[in-house]
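Taking it in order: structure first as structure tokens, then the write-up.
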Amino acid sequence: MTKAQLEAENEKLKGILRKVFPEKSGSYFICGESGDKKDGLPETILICPAYGLDGFQAYVKKGSYTAPGW
């Protein structure tokens, strides 16, 4: 492989890793859920601020699912 091909492959792999490990892009992700599901949504979701951290924040549903009445 040429240097240009290796650099292109490296950039491609870095793009894949950014999607797999969101902390590199500053993204949080849902890492779990708990409680009964109503309308397909759990009572609580667990949010991790970055991949690899051992902590999370729990967010509790405050109301029922609603949709616009068009």
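For the chain, the longest principal axis of the C-alpha atoms and the axis of helix 3-20 are separated by about 10°.
From least to most packed, judged by other beta carbons within 10 angstrom and beginning with the fewest, 29, 56 follow the order 29, 56. At an R0 of 25 angstrom, the distance between the Cβ atoms of residue 20 and residue 70 translates into a FRET efficiency of 0.05. Annotation: lysines with alpha-carbon distance below 16 angstrom to residue 61 (same-chain offsets under eight excluded): 37, 38. Our coupling estimate for region 42-56, obtained by passing each phi through the Karplus curve with A = 6.51, B = -1.76, C = 1.60 and θ = phi - 60°, is x, 5, 9, 10, 10, 10, 9, x, 6, 4, x, 7, 9, x, 7 Hz, Gly and Pro reported as x. To make sure I understand the rule: partners must be aspartates and glutamates, Cα under 13 Å from the Cα of residue 62, and not fewer than 8 residues away in the same chain. Which ones qualify? List returned: 43. Suppose we flag trypsin sites (Lys or Arg not before Pro) only when DSSP calls them loop and at most 14 other Cβ atoms lie within 10 Å. Which is the longest uninterrupted stretch of the chain? Within the chain, the longest run free of exposed trypsin sites (Lys or Arg not before Pro) spans 1-60.
Less than 5 angstrom separates the built amide H of residue 31 from those of 46, 47, 48, all sequence-distant by 5 or more or on a different chain. With both labels modelled 7 Å from their Cα along Cα-to-Cβ, the residue 34 to residue 62 distance reads 2.1 nm.
Each value in this text was obtained by applying a stated rule to the coordinates, not by laboratory testing. Keep in mind the model is a prediction, meaning the values are calculated, not measured. Using ideal geometry, Cβ is built from the backbone for each residue, glycine included, and neighbour counts are taken over all protein chains shown.
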